[in-house]
Amino acid sequence: MIAPLWIWLVFIFVFGCCVGSFLNVVIYRLPRDKSIVKPPSACPACGRHIRFYDNIPLISWLLLGGKCRFCKAKISPQYFIIELLTGLLFTLLFYLYFHLQIRAGIESFLTGGWLMFLVHVSLLSAFIAASAIDLKLWVIPVTICWFVAAVGILGSAIAGYIIEPEIIRANLLLPTTTTFLLKEVTVASLAVGAAVGLAIALFLLEKGIIKRSYDSDVPQNPAPQERNQEEQFNDRAEMVKEILFLLPIIICAVAAYWIAKIPAVNSWCLNVSQIPLIAGLTGSLFGYFVGCAVVWATRILGTFAFGREAMGLGDVHLMGAAGAVIGPFFVVLAFFIAPFFGLTWALLQMISQKTRQIPYGPFLSLAVFTVIILHDWIFRYFAVVFYH
């Protein structure tokens, strides 16, 4: 590195704290359908605009004693915690990636590592905001998930022009058509077919040919306990609506898979799937659909089995976004790691004799973070399992 490590760490920490300050804006405004851009930050109690010197991450909260300068209303510790947590996570990830070098294939921040770092901290930042909102309101705004998915797809698409494609494939730095079990043509064809099917499903939904599940005036499809008492849904019937929405995606994906098996088409698809842009784009899309699928299947099957809504659509979008960043294999693994965090929380509740329930989004987010940190160890272990 050009500068000493400590300078990098200080810069990354400050940068992370500034991002955390913005996340506090997102956490407060997004669920209230307010713009996250304007107006400037103001005290919720007295409405006075917060001056720039009262809006310095970490420092201002401490100097003000956690109170508004004007009306002395209490400022939630959440603001300080989110800023500190984001700064620490950014710094930890930078230290692990570029000093301890826990990710093979990344030589330094300036030689391409910056792209993967930015993609991963974008995911972690968005999941911090999503988890905070989920903890407070039992809802995950889908716009946060769409942002992460877009970052993952874009980052994977351009990665091959910043980092050597062979290095990306060999170390699974970002999603690509290379996977443990599926051929490149299979991954690309399934991703393209599913994307076409999604476009058809959204068109049918927009035209009213298929119906939206849990269609009501309550935004973001909240948890059952948050719904209006007058709204009664047959949960199994609502899952039928979701299956109808998914049918075009499944049909188009299967059709694309079989079309790609035609020798002439297969040869063409193989050549196209080697192009870095296409490999990254379709690999990330495939990860997105796999992430959505594993949660959506659990949601539908669980609802049919128990007669009540199992998991939320926000969780579907959350894991779809994760899949677009970490790829299909690792997002499935994260999904199966998440219950261990849930069990740990339940055990702590039993020990402390408290019964506070929390939504599943934070557990999924913790599992995704765990997979990101342990990526290379997991990769080496399963490479041996699958290839030897």
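Overview of values
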{"item": "Residues of the stretch 42-52 classified as at pLDDT below 85 and surrounded by 13 or more Cβ atoms within 10 Å (Cβ to Cβ), total", "result": "1"}
{"item": "Residues (out of contact with any Lys or Arg (no Cβ under 7 Å at 6 or more places or on another chain) and surrounded by fewer than 24 Cβ atoms within 10 Å (Cβ to Cβ)) located in the stretch 178-189", "result": "T179, F180, L181, L182, K183, E184, V185, T186"}
{"item": "Contacts under 6 angstrom Cβ, first residue in the stretch 236-249 being assigned by TED's automatic domain parsing to the domain that holds L301 and touching a residue at least 60 places away in the same chain (Cβ under 8 Å), partner assigned to a helix (DSSP H, G or I) and crowded, with 16+ Cβ neighbours inside 10 Å, 6 or more apart", "result": "M239/I300; M239/T303"}
{"item": "Count of residues meeting criterion [assigned to a loop (DSSP other than H, G, I, E, B), under 21 Å from the mean Cα position of the chain (by Cα) and closer than 25 Å to N266 by Cβ] in the stretch 153-173", "result": "1"}
{"item": "Matching residues in the stretch 322-352 - criterion: being surrounded by 18 or more Cβ atoms within 10 Å (Cβ to Cβ) and in contact with a Phe, Trp or Tyr (Cβ under 7 Å, 6 or more places away or on another chain)", "result": "G323, A324, P328, F329, A338"}
{"item": "The listed residue being within 30 Å of Y161 (Cβ to Cβ) and either within 21 Å of the chain's Cα centre (by Cα) or crowded, with 18+ Cβ neighbours inside 10 Å (or both), out of F22, F80", "result": "F22"}
{"item": "Helices (runs of 4 or more DSSP H) within the stretch 276-382 that include 3 or more residues out of contact with any helix residue (DSSP H, G or I) (no Cβ under 7 Å at 6 or more places or on another chain) and free of Cβ contacts under 8 Å to residues at least 60 places away in the same chain", "result": "276-306, 328-352"}
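The values are calculated or read from the model by the stated rules, or taken from the named source; none is laboratory data. Values in this document were obtained by computation on a predicted structure and should not be read as measured data. Counting neighbours? That spans all protein chains shown, and the Cβs are built from the backbone with ideal geometry, glycine included.
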